[in-house]
Amino acid sequence: MNEHKTFLNDAKQIWANCLRIIEDNISPSSFKTWFSPIEPIRLENNVLTLQVPSQFFYEWLEEHYIDLLKKTIRKELGNDGRLEYSIIMDNSYSNAPPFAIRVPASNRKAILNPDVSMPITINNDGSSKEIPNPFIIPGLKKIKVQSQLIDTYSFDNYVEGDCNSLARTAGYAISDNPGKNSFNPFFIYSAVGLGKTHLIHAIGLQTKTNFPEKTTLYVTAEQFMHQFTDAVRSNNQNDFVNFYQMMDVLLIDDIEFLAGKQKTQDVFFHIFNHLHLKGKQIVITSDKPPVELAGIEQRLLSRFKWGLAADLQPPDLETRIAILKKKSYSDGIEIPYDVIEYLAYSITNNIRELEGAFTSVVAQSALNKKAITLELARKIIDKFVISTTKEVSIDYIQKVVCDYFNIPIEILNSKTRKREIVQARQLAMYFSKEHTKASLATIGLHCGNKDHATVLHAYRTVQNLLETDKTFKSFFLDIQKKIRI
């Protein structure tokens, strides 16, 4: 018994030390959701056993936090320190109490590049000097440079829709023939949370699959800038430039971070010129198109326009639903369609927030051992996605109207003059004017390419029918209630 207490006390102390490090590296909400429920239960033979509430919880930690967990545990226990999970499993087929299974942490492999032939500088005394790798931290053991690509950000997991079709198609074409196409550089731009980072990783991963011998490197502009600053401090600017000039495919994320960084822009300009001249592929992402990037030198902006610039738009309703269904399938979680539909309707302009809301619903269901229901989804949306503007969209209004009258959206937006279709179309126009900020012309465009005068006429017709037709008013109130829900 005393030995068991010792194991438990040691485990609690080590885990408390780990938590202090983890808390400094993730957001407070993530820490509370994913790390506060974990219980340390044993430390034996340098293996720390952590108890987690469910199988989903374990899979989420493995997918998103395994590197952070391993680093902190090795810091506390040394290089031989290992992690093991004790997963609480529900006994669904009997009245027996839940039971626990023990599972070791995964051992994932990094996506590596082949060895790169780097030039060697001969010093005056005859000794040689290799170009330093900016991805190696001084004082740590040097390892082969990684591509820094995230394997879950693949084309297989990238849902295509009208909002991203051009960018995705071009990205796939680039991975089939990097550097030898008319899309060089490939400049991807959009507002935050619409999939730029996913797409640039997908291009890199597909390139590595097609051409494993090519050296592909993903780097954020911020990381690039910090590496260059370190190179200047150590008087290794030329080595830094030479290193990047050896890449076959260079993927730069969030180039807008270089705005106002004159010296970093200068060095990137020379790297860009060299790679482009040698037929190497360059892919860049930004939150704005080249013409709107402030603080970036004109000579760089002009080069960004040499290839193809493609934007990513907010996904339409069908794409948002497809994204959630894809995520549900990938995570192995069954979610009622009405919940998926509600989330897709509630969050319209940011894929990252959409997937975050999905994860919050699943996490709350797992932690509280509750079924995933529409009511739970509503609570999550209200509680966790307060910052999201939940403006009703024209697409949503049209769907509610069509579902109510049991007619296809294509018929609603057709040129038919049947009375029941015309009234449904007029109701859709009326509610679009009442519940969205869209102009009359925009509403008309969505409702069968009608002009603004038709929308205004529909609005006035609905107002008149509300005063004279009780049946129509009943339809109106039912639909209004559904839209407000």
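The values are calculated or read from the model by the stated rules, or taken from the named source; none is laboratory data. What you are looking at is a predicted structure, and each value in this text was computed from that prediction instead of being measured. A quick note on method: Cβ atoms are made from the backbone with ideal geometry, for glycine too, and the neighbour counts reach across all protein chains shown. Note: accessible area is taken over every heavy atom of the protein model, side chains too, but ligands, DNA and RNA are not part of it. Shrake-Rupley method; radii C 1.70, N 1.55, O 1.52, S 1.80 Å.
Worth a mention:
- Candidate set from segment 433-460 (those that are surrounded by fewer than 17 Cβ atoms within 10 Å (Cβ to Cβ) and among the hydroxyl-bearing types (Ser, Thr, Tyr)); member that is farthest from Lys399 (Cα to Cα): Ser439
- Strands (runs of 3 or more DSSP E) contained in segment 1-110 and holding at least 2 residues modelled with pLDDT of 85 or more: 39-44, 47-52, 82-89
- Selection within segment 168-183 - outside any helix (DSSP H, G or I) and either buried (at least 16 other Cβ atoms within 10 Å of the Cβ) or of a type in the set (S, T, N, Q) (or both): Asn177, Pro178, Gly179, Asn181, Ser182, Phe183
- Neighbours by Cβ (under 7 Å, 6+ apart or cross-chain): first from segment 208-225, more than 20 Å from Val267 (Cβ to Cβ) and of a type in the set (D, E, K, R); second at pLDDT below 90 and open to solvent by 20 Å² or more (accessible area, probe 1.4 Å): Lys208/Ile111; Glu213/Pro114
- Taking the conditions (1) over 27 Å from the mean Cα position of the chain (by Cα); (2) buried (at least 19 other Cβ atoms within 10 Å of the Cβ) in turn, Ile255 satisfies each one other than (1).
- Count - residues of segment 177-204 that are closer than 15 Å to Gly279 by Cβ and of a type in the set (D, E, K, R): 1
- Residue match in segment 276-296 (condition: among the acidic types (Asp, Glu) and without any contact (Cβ under 8 Å) to a residue 40 or more places away in the chain): yes
- Condition broken by Ile252, with the remaining ones in (1) touching a residue at least 60 places away in the same chain (Cβ under 8 Å); (2) not in a helix (DSSP H, G or I) satisfied: (1)
- Yes/no for Tyr345 being under 23 Å from the mean Cα position of the chain (by Cα), closer than 26 Å to Asp162 by Cβ, open to solvent by less than 70 Å² (accessible area, probe 1.4 Å) and touching a residue at least 40 places away in the same chain (Cβ under 8 Å): yes
- Entry remark, segment 227-239: residues being crowded, with 18+ Cβ neighbours inside 10 Å and small (Gly, Ala, Ser) number 1 in total.
- Segment 205-226, subset open to solvent by less than 20 Å² (accessible area, probe 1.4 Å) and not in a helix (DSSP H, G or I), residue farthest from Tyr153 (Cα to Cα): Thr215
- Residue ID - nearest to Ser346 (Cα to Cα), chosen from residues in segment 461-485 that are open to solvent by 70 Å² or more (accessible area, probe 1.4 Å) and of a type in the set (D, E, K, R): Arg484
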